[in-house]
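Engineer: Below are the structure tokens for one structure; questions will follow.
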Amino acid sequence: MAADANISESDPGTALGAAGRPTLAGRFQIDPATVLDALSRPSARAYAAIDLNEPLRPIYAVLANPRAPVRVRAIHQTRQMENACFTAPVRIGSVEWPASGRSETAIILPRPGGLPLMEDLNGKIEPLLFSRLQRVILPAITEMLGEMETLHVAHRAIRPDNIFIDPENNGLIVGECFSVPGGFSQPSVFEPIERAMCPPTGRGEGETADDLFALGVTALFLAFGENPVVGIDEETLIQRRREIGSYAAIVGKRRVPPELIQMIRALLRDNPEERWNVEDLLAWLHAGRGSVGSGAAKIECDRPFEFEGEKYRSAPDLAMGLAAHFPEALETVKAGDVEKWVDKALKDKRCKTALVKCRASGANGSRTVSDDLLMARTLTALDPLGPLRYRRINVMPDGIGALMASFLDDGARLGQVVEMLNGMLPTFWIEQKERPTYSMFGVEEALVAVLPLLARSAAGFGVERVLYELNPALTCQSPLLLDANVSDGAQLLKALDSRVTGVDTILDRHIAAFLATRISGSVDRDLNDVALARSTGEKLLAQLRFFSYVQSKSDAPALPALCRYFIDRSPAILETYRNIPLRAKLARMARTASESGELSKIESVLASEKNRRWDTNGFNSARQQYRRDEAEIANLQASIATIPDRSRSAGKQIGAMMAGVMSMAAMVVVMLTQMF
């Protein structure tokens, strides 16, 4: 079911419509009073909706959880799908939600006709006949999964309560899979064991092999008419699956219809490389034939590894035991007991080689191998099919981003994820795989690329930057904007403009990191300038440049309040100029420029290189003139200081001369007297 409307993750929200109903894109009206339980998901409640342009069109809305990112990449990857079974979004964007008083992300979807195959996964239905499974349900879903596989995207929500049959045309519809992270809504029994061991937010985007496993479990539910593991708690079931395999643990003592045994066994193999692929399943459906290879036997030994009162005969089982007793396990691992057992008793060369690499540091891994990292690597070496395990965190590499989003309020666990990344544990995990799968395409590269960002502590970097790099659909988590549900730069500036009055700081770590990942071009240089600024004026000017650039790269409207914010604080910026008349002139020009609502015009005034050079040159000239004047004054002062000495010397000379003159005059008088 292909979408026939534009999909935009940045659709602006609109005002409430009739009767206080939120309306998306001026067209899709949502009824908050009518909850659709059958279509709701964990953390994503479904509501009735109407298309105002086509009132008879069956649609509904799902409200996403801001801490459980929508699968935006999957939406874009499946945009061109035309498969009749597939549910494609019609529209996605923000709406003002009355109950929460904030903006929320809403997804408009085609409403499936009829009821799900199972309304309650723990309830009972009439078991489906093999013929219906083989001719109607399995072929349609398998072909849809094959088409998705060509697009390198997994569905991750295949289960009986998300598959619908239209009573009018008997057509099959698979429900939506975009409103929550991959695998988030799946009960763990529908997840391959490595993903089932992770919390829902950490299961990852996955791949077609995961969907085929879920399809095999779905076939079991439908063939039995009920949940074969109802009443068994999740942890017990996972432990049982690890011990005897998923097929045996889920089927238990029940009798599988003979026609389904080969298919169910092949789809429930725990090693994804041995599981049937789409071609295998289609061959079985169309010709009754599929690959007959059985799953590889678990490598076990006669001499078990004894630990904490338990005996372990295989490396994966030992990994489970060690992970459950971290402090004791660490001492055992550091002592080399595990390596000796793998070498002497298990005789597993692959595992032995991997264990040796666990202690290595340097170019191919962490510079130092901490106890936690050594333990995590050891668990991966023992159980390469398992998830990443670091202390008490289990996660798949492609689920790290969503897991980080769920840990935003848990600094300790978020810090453990950072330690895992810095230790390059995902790279070590991927290296243990025999061959990469499309779910890992780009994952290692992305996780390695964020390491330099983690190493920088300035605003716009660090864990917040990594959070947004790994979650392209995550809205800005700044406390200042949390209720605005902004998903791009333009929305953020608009929301910030409406909230800036009375706010002292407008560039916190979340806003800086969010904008660094949501606008075209790089703002790292601008963020560096903000970090290096020392005085209040320098900081404000650096922030003005940053927001000016963001506005120029987005479709944001005029920002009058943000302009006033900088104008009100412009005296601190103007203090960086020395020329007082220039300050007054620039203040007038900046205030006039602010009337446009464009930060760039204020920047062109307050950060003008021409004005800055004129001010600097004028200051330098004045300083040089001052130095010249100062030197002349010093010379005059020195000259004045010698006047008394010169006066005394001149006085003596004049006195001597006068005495001589008077003596000569006296002599003349005497001579004249004698003559006459």
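The values are calculated or read from the model by the stated rules, or taken from the named source; none is laboratory data. The model shown is predicted, which means the values in this text are computed figures rather than measured ones. Don't worry about glycine lacking a Cβ; one is built from the backbone with ideal geometry, like all the others, and counts go over all protein chains shown. Only protein heavy atoms, including side chains, enter the accessible area calculation; ligands, DNA and RNA are left aside. Shrake-Rupley method; radii C 1.70, N 1.55, O 1.52, S 1.80 Å.
Engineer: Counting only heavy atoms of the protein chains, get the accessible area per residue of the chain (1.4 Å probe) and round it to a whole Å² value.
Structural biologist: 47 Å²
Engineer: At 0.692 mPa s and 37 °C, plugging the Kirkwood radius over alpha-carbon pairs of the range 188-309 into Stokes-Einstein gives what diffusion coefficient in µm²/s?
Structural biologist: 213 µm²/s
Engineer: Can you list, largest first and rounded to whole Å, the semi-axes you get for the range 35-76 by taking the square root of 5 times each eigenvalue of its Cα gyration tensor?
Structural biologist: Rounded to whole Å, the semi-axes are 22, 15, 8.
Engineer: Excluding residues on the same chain fewer than 8 positions from residue 357, give the aspartates and glutamates whose Cα lies under 17 Å from its Cα.
Structural biologist: Candidates past the 8-residue exclusion: 337, 339, 343, 348, 371, 372, 383, 431, 434.
Engineer: Quantify, in whole percent, the carbon and sulfur part of the accessible surface of the range 188-247 (1.4 Å probe; protein heavy atoms only).
Structural biologist: 49 percent
Engineer: Would you mind working out the magnitude of the charge dipole of the range 424-538 relative to its Cα centre, with +1 at each Lys and Arg C-beta and -1 at each Asp and Glu C-beta, to the nearest 20 Debye?
Structural biologist: Charge dipole of the range 424-538: 40 debye, to the nearest 20.
Engineer: With the Cα gyration tensor of the range 492-545 in hand, convert its eigenvalues to equivalent ellipsoid semi-axes via √(5λ) and list them largest first in whole Å.
Structural biologist: 18, 17, 8
Engineer: For the chain, what is the mean residue ellipticity at 222 nm derived from helices alone (per DSSP H run of n ≥ 4: -39500 (n - 2.57); sum divided by total residues; nearest 500 deg cm²/dmol)?
Structural biologist: Calculated from helices alone, the mean residue ellipticity at 222 nm is -14500 deg cm²/dmol.
Engineer: Express the relative contact order of the chain as a whole percentage, based on alpha carbon pairs under 8 Å and six or more residues apart in sequence.
Structural biologist: RCO, the chain: 9 percent.
Engineer: Using alpha carbons only, how many angstrom separate the centre of the range 527-601 from the centre of the range 329-404?
Structural biologist: Distance between centres, Cα-based: 52 Å.
Engineer: Let me ask something else. Enumerate by residue number the trypsin sites (Lys or Arg not before Pro) in the range 198-290 meeting two conditions: DSSP loop (anything except H, G, I, E, B), and at most 12 other Cβ atoms within 10 Å of the site's Cβ.
Structural biologist: Here the trypsin sites (Lys or Arg not before Pro) that fit, given the DSSP loop and packing criteria, are 253, 254, 255, 289.
Engineer: Towards the positive end of the charge dipole of the range 148-200, with charges on Cβ (+1 Lys, Arg; -1 Asp, Glu), say which of 198, 182, 158 has the farthest Cα.
Structural biologist: 198
Engineer: Here is a follow-up. Mind putting a number on the dipole of the chain about its Cα centre? Charges go on the C-beta only, +1 for Lys and Arg and -1 for Asp and Glu, and I need it in Debye to the nearest 20.
Structural biologist: So the dipole magnitude of the chain works out to roughly 2500 debye.
Engineer: Still on this structure, please answer the following. Based on the mean of other beta carbon atoms within 10 Å per residue, what is the order of 585-593, 559-567, 315-323, 143-151, most packed first?
Structural biologist: Final packing ranking: 315-323, 559-567, 143-151, 585-593.
Engineer: A further question follows. Among 278, 572, 486, whose Cα lies farthest out toward the positive end of the dipole of the chain, if unit charges sit on the beta carbon of Lys, Arg (+1) and Asp, Glu (-1)?
Structural biologist: 572
Engineer: Using a ≥ b ≥ c from the Cα gyration tensor of the range 312-440 (square roots of the eigenvalues), is it rounded, prolate or oblate, where a/c under 1.5 gives rounded and otherwise the larger of a/b and b/c decides, a/b for prolate?
Structural biologist: Note, shape of the range 312-440 comes out prolate.
Engineer: To continue, here is another question. Take the residue pairs 311/433; 124/298; 349/433; 311/352; 494/610; 553/585 and return only those whose Cα atoms are more than 23 Å apart.
Structural biologist: Long pairs (Cα-Cα over 23 Å): 311/433; 124/298; 494/610; 553/585.
Engineer: Rounded to whole Hz and in sequence order, give me ³J(HN,Hα) for the range 106-121 from the Karplus expression 6.51 cos²θ - 1.76 cosθ + 1.60, θ = phi - 60°, writing x for Gly and Pro.
Structural biologist: 3J(HN,Hα) across the range 106-121, in whole Hz: 10, 10, 8, 9, x, 8, x, x, x, 9, x, 4, 9, 6, 10, 5.
Engineer: Give me D for the chain in µm² s⁻¹, whole number, from Stokes-Einstein with Rh from the Kirkwood sum over alpha-carbon pairs, 20 °C and 1.002 mPa s.
Structural biologist: The Stokes-Einstein estimate is 71 µm²/s.
Engineer: Would you work out the charge dipole size for the range 340-417 about its Cα centre, treating the Cβ of every Lys and Arg as +1 and the Cβ of every Asp and Glu as -1, and quote it to the nearest 20 debye?
Structural biologist: 560 debye
Engineer: Starting from the Cα-Cα distance between residue 575 and residue 234, subtract it from 0.36 nm times their residue separation and give me the gain in nm to one decimal.
Structural biologist: Full-extension gain reported as 116.3 nm.
Engineer: Note the angle between two axes, namely the Cα long axis of helix 489-499 and the longest principal axis of the Cα atoms of the chain, as a number of degrees from 0 to 90, rounded to the nearest 10.
Structural biologist: Its long axis makes an angle of about 70 degrees.
Engineer: For an R0 of 41 angstrom, estimate the FRET efficiency from the Cβ-Cβ distance between residue 501 and residue 34 and round to the nearest 0.05.
Structural biologist: It comes to 0.65.
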